[in-house]
Every structure is written in structure tokens, then in C-alpha cells.
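Student: After the C-alpha cells below, expect a handful of questions from me.
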Amino acid sequence: MKLDVSFLLDVFPLLLSALPTTLLITAVSVSVGFVIGVVIASIRIYRVPYLYPIAVSYVTFIRGTPMLTHLFLIYFGLPLLVDGLASFAGLSFRAASIPLIWFAFISFSIMAGAYMSEVVRSGLLAVNRGQTEAAYAIGMNTWQALRRIVFPQAFATSLPILSNSVIGMLHGSTLAFTVSVVDINAKAQIVATTNWKFFEAYIAAAIIFWGLTIAIERITGHIEKRINRYNRGGVA
Amino acid sequence: MIKLTGITKSFGRNQVLKGIDLHVNKGEVVVILGPSGSGKTTLLRCINYLERPSDGQIVIGDSIVDCKRAGKQDILQLRRKSAMVFQQYNLFKHKTALENVMEGLVIVQKRPKEEARERSVQVLEKVGLGSKLDAYPSELSGGQQQRVGIARALALEPEVILFDEPTSALDPELVGEVLEVIRKIAKEGITMIVVTHEMGFARDVSNHVVFMDGGVIVEEGTPQEIFSSPKEERTKQFLKRITPEWSYTI
Amino acid sequence: MGKEFEITYVFTLFIKLLSALGTTMFIVVASILLGVIVGFLIALPRLYNIPVLRPFSQVFVSFFRGTPVLIQLFLIYYGLPEVLKLLSLDVSRAPVLMFVIFTYALHSGAFISEAIRAAVTAVDRGQVEAAYAVGMNSYQAFSRIVLPQALAVSIPVLANIVIANLKDTSLAFSLGVIELTGKAQTLVTATQHFIETYIALAGIYLLISIGLEKAFNKMERRLLSHERSAVQKAEERASYSLLSSYKGFVTRLKLGKGGSGL
């Protein structure tokens, strides 16, 4: 096997130059997705009329179709919409001036929103009703009960799946190459084709993603251990 | 002083409370008895608005709440005058025994942390848990958890503490320690309303016994009146059924 | 960009896309079948704590769950021939589809092995003890008692793995395979009707996902027919609109380190 080890070592710094882009896409989609997720989860938990079926269809659609199709739909559909609206409103703004990475931000955020809504929902539903009642019984108002009692417990229970969603978005960010955003994966492609060293480039990319994934798992594991002290068992 | 007037509560078509009037004086220990489904727990939950009564009026101290017109602030004020001890303890799972007791003092009553801590430690010592301040609920036995629950209620110095079957979820050997604590604080002159099946406790500790059935108060009086010479047929039957197996005293 | 939006094109393109449905389904079926075998092989060393193989299993699972499937796809497509050359095997002329199926088999296999492990551990220890108590040997106990119960538990998770696999096949276009997404790309180039094509494409994936989940739900209900409450749960899930059912989703997320779902 002609694995060029010295080249492999040279590839790392090249790929790492694209690390900020990968992390930025992941961070944006997870944060915006979390906000969307909270809204969608609230709509579903409180069964808000009219919005409820929309929320359910949104989650169903996103989870039933590949991430790639969302990206394409946004990439080709959004400009039509934006240009249509802009010319309707008489603005000179055109979709062509939207930076490409924004298409990744938007479509991945919409995607993350559907997944985050389930993370938030499962977390909130896992909190026992008695906990809220006890909070009310000692005189807390709704906001105090949510902030002091419900959210911390919901966060603790949903932390593992939250971490998996973050990892999912990290891995999903590799699709950004299809809209010409240079993330780690795209960078690996560039390095591979210019040097004709495909194997080395993708080994390096795989190692970087593997490392990032393990880091995310370690960090959440650590947080989990700290905030889950209260679950250390004993007599029920 | 607590005064309930014409409290009704329906779940859908099912009317669970059919007009309850109840008067509790300061320092009184009132026990509510009754078969399951008689509405006694619902009544208790209505008093601090964990259930919203359909109609009626609730007065605790200087808080007067008209159930048909109760706003958020009214409910909050009412809740801050009472405290509740739950059947399933409902301790905040993510907080230690001490934090459970401090929570209401710091967050609701806005007391300074140091003062809240001092007060909480004092109350936890009173219920015999001075050595378990930093234990999480999952590390405590049922009896210990319920004693923290009592301390949490007691620390708030409410006008009344509501007990919802506080020993029903406990293993038999743990019932005693919890009843002992309730008995102790009852003697200090704290107003209490207790829903329970512990007849011995009702007889020894309460000043006033209320018997409920089918969503109404069938009969009420001193423990002697209710236990020795009940007037109503339904009370007699209930006591006959329940007394033999529950007659132990502690 | 492209031609004006025409809704009728969605339908005609939908029909045209169906010609590639076979390739997509072939990748899914072949890689899941292989993935089940891989999953068992990887799960066993960890279930039975086999010394040398156990860490290998762990690394395998960690790698295939810890890296994006797209990277795995490229890595295997470019790397496997190099590795096999060492064994003087020339696969440089093998069809691309083979590499794709191989990648997804390994990727799904990692997730399936975790599902197997979770399901087997979920079976009550008392069940095995009862099996031994009536005189079964360990093979009988496994095949007669543990496996049927574990299978029922793992259906929702398996459903999610299969659907994730279906969605991941869309990446095969990047190696030039004409499955659904690859076909969509060629149609886009030919017709310039971008939006219509991708709406039709999303529609096909959505229909297959929903169909798969319905089928798995039915299977789960059949396997769980001994447990009434569990059957009710499965029915609730079915009536709920499949993809938004959250229990199965949560179980998958718990097992799934990223990638597969996206």
C-alpha cells in the first residue's frame, strides 16, 4: 500500500484551516435549531391550535427526507422567494448577493430545529408533574418553576441526545461542499484532487471528525456526571 | 384562619366536590377522612390551587380568593400562605435536602442566603435530618424524603400546612418516623389539614375530624364525637370497615 | 437560476425519478442485510467480553459512529483498493455500487451492533435464569427466550437505522451512482427545473420513509402481541404520524452517535 505518511502529516494543517468553517456551521445550526426546537416543542406540548399540525408536518417532513434535499431546496428555492419578494417590495436586493454559507446556515438550522424539537420535547415530558406541583406549592410562579425546577431537570435528562444531535449536525456539515462552502470535507476534496492523494486526505479528514466527535462526547460526559450527581442512586 | 365556602369542583361531567364549607381555626389540626374517591385529596389540592375549584371562595389569613374570578396574582398570594406535603414526597430531584428546603426561602420569600441556610438547617434538625443536609433525594429512604418534604413546608412558616396522605407511599416500617415528626410539629401549634388513613394518628393528634364521602362533608366534630359516637350511617360503616386493621397507635 | 416554476413538472419529474428507485432500494436492502451480519459480528465480542476482539469492536463502532458517512464513503472508495492491493487483489475495476453498499453496510453495522447490545441487555436477567431453571442450555436460552424478546425491543431502533440508511444513500450521488438523488441531478441538468425536481425527490424519500415506518410498526405490534400495554404503545406510535413518534427517535438518538440520521 502506498500510504504516504509524511504527506498525511502535511495534510492536517491544511484541513485544519477549514476547521473554523465546520465548527461555525455546526454552532450556528445547533443554536438556531435549538431556538426553533423550543418553539416547535412548545407548540406540540401545549397543542396550540392551527400551529400544531404545521409543527407536526414540519418535523415529519424534515425527518423523512435526506438533509441533502433540504439543502438543495433552500439553495434553489430561497433565491426565487427572496428575489420575488424583493422586486415586489421594490428593493434592489438580489439573492445573488447572499453569501453561499448562508444557505448552509439556513437549511441546516431548519433541519436541526426538527431534531432539537424532539430533544426539547422528550426532556420536558420526562420531568415528573409532581416536581412542578411542588414548585407551585412552595409559592413559585410559572417562570420560577420552569427556570429553577423544570429546565435543569429537562436539560439533565436530554443531555445525551442533545450531544448526539450536535454530533449529527457536525457530521451533516460535510454536505456544505455541495453549495461550494469549503469545510473540512471540501478542503479534503481539494487537497486530494490537487495532489492526487485521495486516501491520505480522507484519512486525515476522518481522524479530525473522529477526534471532534470524541471530544464532544467527553465534554458532555463530563457535564453529565456533574449535573447528574443527584441521580447517584441509593435507596428509592 | 382558613375558611372555605361552597367549594365545588368538576372534572368534565363528573362533579367531585359538591359544595364544601370548612372552617379551620389558627393552631388547629384537622384530619379529613373518607373512602377513596370521596374527594378529600381534591379538596386539599383546591386549597392551594393545584386544582382550580369550579366555584366557591377560599380565605387563608388576609387572602380572599373568589374562585370564579381568581387572577394569577390572587392564586400566587394564596399559595404563598400555604404549603403542601405530598404523598409521593415530590422533592426536587436535582437539589440536596438542604437546597430543597432553602429553595422556597430564597426564591419565593427572597430571604438572604445565609439566613435561609440557617433557618433550613434548623428545620432539618428538627425533623431529625441534621446529618443528611447534603444528601440528594435519591440517596434518602422514603421516610427521610418525606421528612425533608415536611421540613420544606415548615421552613416557609405558612399559615397552614396541607398533608396529602403523607404516609401512604411509605413502607410500613417507615410510617412511624414520619408520623412522629408530624405529631411533634402539631404540638407546636401549627395549623394543619391532614388527609390520612392513619386512624390512630387522627384520634390522638387532631382537634377536629371531617368525614367526607361522595364529594360532600358527611359529618364533622371532635375526634371523640366522630370515633366514639358517630351520628351518620355512612360514617359508622366507614369506621367499622377501616378501624380493625388500622387500629394500631404509635 | 433555472426555468420558471411549474407545478406540473413536479409530477412528471416524480415519475421520471422513479426509474432510479430500484437502485436506491437495492443499496438499502443489500447494505442493511450485510449490516445485520456485521452488527452481530461486532456485538458478540462485547456481549460475551471476548478479550482481543472486544477492543477491536469498540474502535470499529466508535469510528463508524464518530465520522461522517460522507467521509467514510470517500475513504472506502479510495482507500479499499489500496488496502486490497496489499493482498494482491485488484478491485479497481469493481463497480462503484459495490463500494457504496460496503460503506453503508459497515456504517449501519456499527449502529445495528449497538442496537443488538442494547436490546439483549434490555431482556430481563430473570428470563435467562428461568430458561436455565427449566433445563435449557445457553444456546436454547438465547435463541428461544432472549432473541425473540430482544428483537421486539429493537424494532423501533432498527426502523430508525433503516430510514437513516435510506436518507444516507442520497450521498452516493457524489461518487456518480445514479440512485434517486443522482438521477435528480441529471434531470436538473437536462430540464433546468431545479425546484420541481427537488420537491419531487423529497416527496419520494418522504413516502418511502413513511412506508418503512408503517411496516416496522406493524412488525413490532405482531412481535409484541404477548404484551398488551406494549402493543398499545406501538399502536399509539402508529396513530401518531410515524416520523414524529418520539420514543423510537429518542432510542435511536441514544444509540446513534450522529451521522446516520442526517
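The values are calculated or read from the model by the stated rules, or taken from the named source; none is laboratory data. Given the structure is predicted, the values throughout are model-derived calculations rather than measurements. Neighbour counts run over all protein chains shown; Cβ positions are idealised from the backbone, glycine included.
Each row is one residue, and each column tells you yes or no for (1) surrounded by fewer than 20 Cβ atoms within 10 Å (Cβ to Cβ); (2) within 30 Å of B:L76 (Cβ to Cβ); (3) of a type outside the set (A, V, I, L, M, F, W, C).
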residue: A:P53; (1), (2), (3): yes, no, yes
residue: A:P66; (1), (2), (3): no, no, yes
residue: A:I74; (1), (2), (3): no, no, no
residue: A:L80; (1), (2), (3): yes, no, no
residue: A:L91; (1), (2), (3): yes, no, no
residue: A:A95; (1), (2), (3): yes, no, no
residue: A:S107; (1), (2), (3): no, no, yes
residue: A:G113; (1), (2), (3): no, no, yes
residue: A:L125; (1), (2), (3): yes, yes, no
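Residues are listed down the side, and each one gets a yes or a no for (1) of a type outside the set (A, V, I, L, M, F, W, C); (2) without any contact (Cβ under 8 Å) to a residue 40 or more places away in the chain; (3) outside the structural domain of A:N195 (by TED's automatic domain parsing):
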site: A:D10; (1), (2), (3): yes, yes, no
site: A:T26; (1), (2), (3): yes, no, yes
site: A:F34; (1), (2), (3): no, no, yes
site: A:I40; (1), (2), (3): no, no, yes
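Student: Within the group A:F105, A:F209, which residue is more than 8 Å from chain C (Cβ to nearest Cβ), under 20 Å from the mean Cα position of the chain (by Cα), modelled with pLDDT of 95 or more and not in a loop (DSSP other than H, G, I, E, B)?
Tutor: Exactly one of A:F105, A:F209 is more than 8 Å from chain C (Cβ to nearest Cβ), under 20 Å from the mean Cα position of the chain (by Cα), modelled with pLDDT of 95 or more and not in a loop (DSSP other than H, G, I, E, B), namely A:F105.
Student: Further question: Please verify whether B:F86 is closer than 23 Å to B:A202 by Cα and at pLDDT 90 or above, treating the condition exactly as stated.
Tutor: When the stated conditions are applied, B:F86 passes them.
Student: If you don't mind, there's one more thing I want to ask. C:L201 fails exactly one of the following numbered conditions: (1) under 15 Å from C:M25 (Cα atoms); (2) within 8 Å of chain A (Cβ to nearest Cβ); (3) without any contact (Cβ under 8 Å) to a residue 40 or more places away in the chain. What is the number of that condition?
Tutor: Unmet condition: (3).
Student: Just checking: which of the strands (runs of 3 or more DSSP E) contained wholly in the range B:132-250 hold 2 or more residues that are more than 24 Å from A:E133 (Cβ to Cβ)?
Tutor: B:208-213, B:216-221
Student: Just the residues that are of a type in the set (K, R) and part of a helix (DSSP H, G or I), please, taken from the range C:1-46.
Tutor: Within the range C:1-46, C:K16, C:R46 meet the criteria.
Student: Among (1) crowded, with 18+ Cβ neighbours inside 10 Å; (2) in a helix (DSSP H, G or I); (3) within 14 Å of chain A (Cβ to nearest Cβ), which single condition is C:I210 missing?
Tutor: Of everything listed in (1) crowded, with 18+ Cβ neighbours inside 10 Å; (2) in a helix (DSSP H, G or I); (3) within 14 Å of chain A (Cβ to nearest Cβ), C:I210 misses just condition (1).
Student: For the range B:141-163, check the following and say yes or no: at least one residue is away from every other protein chain (no Cβ under 14 Å), farther than 27 Å from B:G61 by Cβ and more than 18 Å from the chain's Cα centre (by Cα).
Tutor: no
Student: In addition: Going by the conditions given, is B:S131 surrounded by fewer than 23 Cβ atoms within 10 Å (Cβ to Cβ) and closer than 17 Å to B:F86 by Cα?
Tutor: It is false that B:S131 is surrounded by fewer than 23 Cβ atoms within 10 Å (Cβ to Cβ) and closer than 17 Å to B:F86 by Cα.
Student: So A:N164 fits all but one of (1) in a loop (DSSP other than H, G, I, E, B); (2) within 7 Å of another protein chain (Cβ to nearest Cβ); what number is the exception?
Tutor: All conditions pass for A:N164, except number (1).
Student: Which one of C:L80, C:L75, C:L70 is out of contact with any Phe, Trp or Tyr (no Cβ under 8 Å at 6 or more places or on another chain), under 30 Å from A:I184 (Cα atoms), within 13 Å of another protein chain (Cβ to nearest Cβ) and assigned to a helix (DSSP H, G or I)?
Tutor: Testing whether each residue is out of contact with any Phe, Trp or Tyr (no Cβ under 8 Å at 6 or more places or on another chain), under 30 Å from A:I184 (Cα atoms), within 13 Å of another protein chain (Cβ to nearest Cβ) and assigned to a helix (DSSP H, G or I) leaves just C:L70.
Student: Mind checking which residues of the range B:10-52 are part of a strand (DSSP E or B) and free of Cβ contacts under 8 Å to residues at least 60 places away in the same chain?
Tutor: Matches in the range B:10-52: B:S10, B:F11, B:N14, B:H23.
Student: Output the qualifying pairs, or none if there are none: Cβ atoms under 7 angstrom, residues six or more apart or on different chains, first residue in the range A:88-116 and of a type in the set (S, T, N, Q), second residue surrounded by 13 or more Cβ atoms within 10 Å (Cβ to Cβ).
Tutor: Short answer, once both residue conditions are applied: A:S107/A:H70; A:S107/A:L71; A:S107/A:I74; A:S109/A:V28; A:S109/A:S29; A:S109/A:V32; A:S109/A:G33; A:S109/A:I36.
Student: Say whether the condition of being of a type in the set (K, R), within 13 Å of chain C (Cβ to nearest Cβ) and assigned to a helix (DSSP H, G or I) is met by at least one residue in the range A:55-66.
Tutor: yes
Student: Do the conditions hold for C:V61, that is, is it closer than 20 Å to C:I178 by Cα, outside any loop (DSSP other than H, G, I, E, B), under 22 Å from the mean Cα position of the chain (by Cα) and within 14 Å of chain A (Cβ to nearest Cβ)?
Tutor: no
Student: How many residues are within 12 Å of chain A (Cβ to nearest Cβ) and surrounded by fewer than 23 Cβ atoms within 10 Å (Cβ to Cβ) if we restrict to the range C:168-186?
Tutor: Total satisfying the criteria: 5.
Student: Is it true that C:V29 is more than 14 Å from every other protein chain (Cβ to nearest Cβ) and either out of contact with any helix residue (DSSP H, G or I) (no Cβ under 6 Å at 6 or more places or on another chain) or at pLDDT below 90 (or both)?
Tutor: yes
Conditions (1) surrounded by fewer than 21 Cβ atoms within 10 Å (Cβ to Cβ); (2) at the interface with chain C (Cβ under 10 Å from one of its Cβ atoms); (3) closer than 30 Å to C:D168 by Cα; (4) in contact (Cβ under 8 Å) with a residue 12 or more places away in the chain, marked per residue:
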| position | (1), (2), (3), (4) |
| --- | --- |
| A:R129 | yes, no, no, no |
| A:M140 | no, no, no, no |
| A:P160 | yes, yes, yes, yes |
| A:V181 | no, no, yes, yes |
| A:I184 | no, yes, yes, yes |
| A:A188 | no, yes, yes, yes |
